[in-house]
1. Say we look at the stretch 29-74 and pick out the residues that are of a type in the set (A, V, I, L, M) and surrounded by 15 or more Cβ atoms within 10 Å (Cβ to Cβ); which of these is nearest to the chain's Cα centre (by Cα)?
2. Any residue that is on the phi > 0 side of the Ramachandran plot and loosely packed, with under 14 Cβ neighbours inside 10 Å - is there at least one of those in the stretch 75-90?
3. Mind listing whichever residues of the stretch 92-115 are in contact (Cβ under 8 Å) with a residue 60 or more places away in the chain and either of a type outside the set (Gly, Ala, Ser) or outside any helix (DSSP H, G or I) (or both)?
4. Which residues, taken from the stretch 113-132, are in contact with a Cys (Cβ under 9 Å, 6 or more places away or on another chain) and of a type outside the set (Ser, Thr, Tyr)?
5. Of the residues that sit in the stretch 102-149 and are more than 30 Å from ASN81 (Cβ to Cβ) and of a type in the set (Val, Ile, Thr), which one is modelled with the lowest pLDDT?
6. So which pairs qualify, if the first residue must be in the stretch 47-67 and without any contact (Cβ under 8 Å) to a residue 24 or more places away in the chain, the second must be loosely packed, with under 11 Cβ neighbours inside 10 Å, the Cβ gap must be under 6 Å, and the two must be at least 6 apart or on different chains?
7. Out of the residues in the stretch 41-58 meeting the condition of being touching a Phe, Trp or Tyr at 6+ places or on another chain (Cβ under 9 Å) and hydrophobic (A, V, I, L, M, F, W, C), tell me which one is farthest from ILE138 (Cα to Cα).
8. Does SER126 satisfy the criteria of being surrounded by fewer than 21 Cβ atoms within 10 Å (Cβ to Cβ) and not in a helix (DSSP H, G or I)?
Amino acid sequence: MRKFVLYLASFLIAGGLLISPQPVLAQSIEMPNSEITGIIRKNCSSLKVTIKQIHTNDALARVSIGQKYNAVSTKLMARFNSRLSLNKMDSSGLVRITSDFETQRLKFNSDYNKYDTAMTNLDKASCKTDQAKFYEKIIEARDARNYLSDSVKSMNGLLAQYKSEVRLIKDSLSGGGNE
(Lines give C-alpha, C1' and ligand atoms only; values in the text may rest on other atoms or scores of the structure.)
Protein backbone atom coordinates (compact mmCIF):
# COMPACT_ATOMS: atom_id res chain seq x y z
CA MET A 1 0.00 0.00 0.00
CA ARG A 2 2.86 2.38 0.83
CA LYS A 3 4.54 1.79 -2.51
CA PHE A 4 1.26 2.53 -4.26
CA VAL A 5 0.88 5.78 -2.29
CA LEU A 6 4.44 6.80 -3.16
CA TYR A 7 3.87 5.89 -6.81
CA LEU A 8 0.63 7.88 -6.89
CA ALA A 9 2.24 10.92 -5.26
CA SER A 10 5.18 10.78 -7.70
CA PHE A 11 2.84 10.49 -10.67
CA LEU A 12 0.74 13.43 -9.49
CA ILE A 13 3.83 15.59 -9.07
CA ALA A 14 5.17 14.62 -12.50
CA GLY A 15 1.73 15.00 -14.06
CA GLY A 16 1.35 18.47 -12.60
CA LEU A 17 4.65 19.51 -14.12
CA LEU A 18 3.88 18.01 -17.52
CA ILE A 19 0.40 19.43 -17.87
CA SER A 20 0.87 22.81 -16.32
CA PRO A 21 -0.80 25.50 -18.40
CA GLN A 22 1.23 27.38 -20.93
CA PRO A 23 1.07 31.15 -20.53
CA VAL A 24 -1.27 32.88 -22.90
CA LEU A 25 0.57 35.72 -24.58
CA ALA A 26 -2.39 37.44 -26.18
CA GLN A 27 -3.12 40.76 -24.54
CA SER A 28 -5.70 43.44 -24.97
CA ILE A 29 -4.88 45.69 -27.89
CA GLU A 30 -5.75 49.31 -27.30
CA MET A 31 -5.30 50.77 -30.80
CA PRO A 32 -7.69 52.72 -32.98
CA ASN A 33 -9.60 50.58 -35.44
CA SER A 34 -7.78 52.00 -38.47
CA GLU A 35 -4.41 51.02 -36.99
CA ILE A 36 -5.63 47.50 -36.30
CA THR A 37 -7.00 47.06 -39.79
CA GLY A 38 -3.78 48.40 -41.31
CA ILE A 39 -1.64 45.99 -39.31
CA ILE A 40 -3.91 43.07 -40.16
CA ARG A 41 -3.95 43.96 -43.86
CA LYS A 42 -0.15 44.35 -43.95
CA ASN A 43 0.57 41.07 -42.11
CA CYS A 44 -2.34 38.99 -43.39
CA SER A 45 -0.32 36.11 -44.86
CA SER A 46 1.92 35.66 -41.83
CA LEU A 47 -1.07 35.96 -39.49
CA LYS A 48 -2.88 33.15 -41.31
CA VAL A 49 0.19 30.88 -41.18
CA THR A 50 0.75 31.60 -37.48
CA ILE A 51 -2.91 30.99 -36.63
CA LYS A 52 -2.86 27.66 -38.47
CA GLN A 53 0.32 26.62 -36.61
CA ILE A 54 -1.15 27.58 -33.23
CA HIS A 55 -4.35 25.69 -34.02
CA THR A 56 -2.43 22.56 -35.04
CA ASN A 57 -0.07 22.67 -32.05
CA ASP A 58 -2.92 23.26 -29.62
CA ALA A 59 -4.86 20.31 -31.03
CA LEU A 60 -1.87 18.02 -30.45
CA ALA A 61 -1.32 19.39 -26.95
CA ARG A 62 -5.01 19.00 -26.12
CA VAL A 63 -4.96 15.30 -27.05
CA SER A 64 -1.86 14.70 -24.94
CA ILE A 65 -3.13 16.67 -21.96
CA GLY A 66 -6.61 15.18 -22.24
CA GLN A 67 -5.18 11.66 -22.18
CA LYS A 68 -3.09 12.48 -19.11
CA TYR A 69 -6.07 13.97 -17.28
CA ASN A 70 -8.20 10.92 -18.18
CA ALA A 71 -5.48 8.56 -16.94
CA VAL A 72 -5.08 10.47 -13.67
CA SER A 73 -8.84 10.47 -13.11
CA THR A 74 -9.68 6.88 -14.02
CA LYS A 75 -6.47 4.95 -13.46
CA LEU A 76 -5.11 6.67 -10.38
CA MET A 77 -7.65 8.71 -8.47
CA ALA A 78 -10.64 6.39 -8.82
CA ARG A 79 -8.60 3.26 -8.16
CA PHE A 80 -6.82 4.75 -5.16
CA ASN A 81 -10.12 5.93 -3.68
CA SER A 82 -11.55 2.42 -4.16
CA ARG A 83 -8.53 0.87 -2.51
CA LEU A 84 -8.88 3.15 0.50
CA SER A 85 -12.57 2.25 0.79
CA LEU A 86 -11.78 -1.46 0.61
CA ASN A 87 -9.29 -0.97 3.43
CA LYS A 88 -11.97 0.89 5.40
CA MET A 89 -10.03 4.14 5.43
CA ASP A 90 -11.67 7.56 5.28
CA SER A 91 -11.31 8.80 1.73
CA SER A 92 -14.11 11.36 1.74
CA GLY A 93 -11.73 14.27 1.06
CA LEU A 94 -10.18 12.45 -1.87
CA VAL A 95 -13.58 11.44 -3.24
CA ARG A 96 -14.73 15.08 -3.14
CA ILE A 97 -11.56 16.25 -4.90
CA THR A 98 -11.92 13.47 -7.48
CA SER A 99 -15.52 14.50 -8.14
CA ASP A 100 -14.48 18.14 -8.53
CA PHE A 101 -11.63 17.07 -10.81
CA GLU A 102 -14.00 15.07 -13.01
CA THR A 103 -16.36 18.06 -13.23
CA GLN A 104 -13.43 20.29 -14.24
CA ARG A 105 -12.20 17.68 -16.72
CA LEU A 106 -15.57 17.78 -18.47
CA LYS A 107 -15.45 21.59 -18.39
CA PHE A 108 -11.96 21.42 -19.93
CA ASN A 109 -13.36 19.30 -22.77
CA SER A 110 -16.19 21.76 -23.32
CA ASP A 111 -13.89 24.79 -23.13
CA TYR A 112 -11.49 23.19 -25.60
CA ASN A 113 -14.33 22.53 -28.05
CA LYS A 114 -15.35 26.20 -27.81
CA TYR A 115 -11.73 27.27 -28.33
CA ASP A 116 -11.35 24.92 -31.29
CA THR A 117 -14.52 26.35 -32.86
CA ALA A 118 -13.25 29.90 -32.31
CA MET A 119 -9.90 29.01 -33.92
CA THR A 120 -11.65 27.34 -36.86
CA ASN A 121 -13.81 30.45 -37.35
CA LEU A 122 -10.70 32.63 -37.15
CA ASP A 123 -8.92 30.45 -39.70
CA LYS A 124 -11.90 30.78 -42.07
CA ALA A 125 -12.18 34.56 -41.64
CA SER A 126 -10.64 36.71 -44.35
CA CYS A 127 -7.98 39.12 -43.19
CA LYS A 128 -7.70 40.56 -46.70
CA THR A 129 -11.30 41.66 -47.21
CA ASP A 130 -12.72 42.21 -43.71
CA GLN A 131 -10.05 43.14 -41.17
CA ALA A 132 -12.55 44.27 -38.53
CA LYS A 133 -14.33 40.90 -38.59
CA PHE A 134 -10.97 39.12 -38.53
CA TYR A 135 -9.92 41.14 -35.47
CA GLU A 136 -13.23 40.26 -33.78
CA LYS A 137 -12.47 36.56 -34.39
CA ILE A 138 -9.00 37.02 -32.86
CA ILE A 139 -10.59 38.44 -29.71
CA GLU A 140 -13.09 35.55 -29.55
CA ALA A 141 -10.29 32.98 -29.91
CA ARG A 142 -8.18 34.75 -27.28
CA ASP A 143 -11.06 34.80 -24.81
CA ALA A 144 -11.82 31.12 -25.45
CA ARG A 145 -8.15 30.28 -24.90
CA ASN A 146 -8.16 32.19 -21.61
CA TYR A 147 -11.19 30.17 -20.42
CA LEU A 148 -9.34 27.01 -21.41
CA SER A 149 -6.28 28.15 -19.46
CA ASP A 150 -8.47 28.76 -16.40
CA SER A 151 -9.79 25.18 -16.66
CA VAL A 152 -6.25 23.81 -16.75
CA LYS A 153 -5.22 25.92 -13.75
CA SER A 154 -8.26 24.72 -11.83
CA MET A 155 -7.50 21.05 -12.57
CA ASN A 156 -3.87 21.50 -11.58
CA GLY A 157 -5.02 23.09 -8.32
CA LEU A 158 -7.25 20.08 -7.65
CA LEU A 159 -4.31 17.76 -8.37
CA ALA A 160 -2.26 19.68 -5.80
CA GLN A 161 -5.09 19.28 -3.26
CA TYR A 162 -5.28 15.57 -4.00
CA LYS A 163 -1.53 15.25 -3.55
CA SER A 164 -1.78 16.97 -0.14
CA GLU A 165 -4.53 14.58 0.95
CA VAL A 166 -2.46 11.59 -0.22
CA ARG A 167 0.48 12.90 1.83
CA LEU A 168 -1.73 13.14 4.91
CA ILE A 169 -2.81 9.53 4.42
CA LYS A 170 0.80 8.46 3.85
CA ASP A 171 1.90 10.25 7.02
CA SER A 172 -0.90 8.63 9.03
CA LEU A 173 0.15 5.18 7.75
CA SER A 174 3.80 5.71 8.54
CA GLY A 175 3.13 7.19 11.98
CA GLY A 176 3.91 10.73 10.88
CA GLY A 177 7.59 10.10 10.12
CA ASN A 178 9.34 10.26 6.80
CA GLU A 179 10.16 6.74 5.68
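The values are calculated or read from the model by the stated rules, or taken from the named source; none is laboratory data. Please read these numbers as outputs of a predicted model, since none were measured by experiment. Because the Cβ atoms are built from the backbone with ideal geometry, glycine has one as well, and the counts that use them run over all protein chains shown.
1. ILE65
2. yes
3. LEU94, ILE97, THR98, PHE101
4. Of everything in the stretch 113-132, those that are in contact with a Cys (Cβ under 9 Å, 6 or more places away or on another chain) and of a type outside the set (Ser, Thr, Tyr) turn out to be CYS127, LYS128, GLN131.
5. Across the stretch 102-149, the extreme among qualifying residues is THR129.
6. Close Cβ pairs (under 6 Å, with a partner that is loosely packed, with under 11 Cβ neighbours inside 10 Å) do not exist here.
7. Selected residue: CYS44.
8. yes
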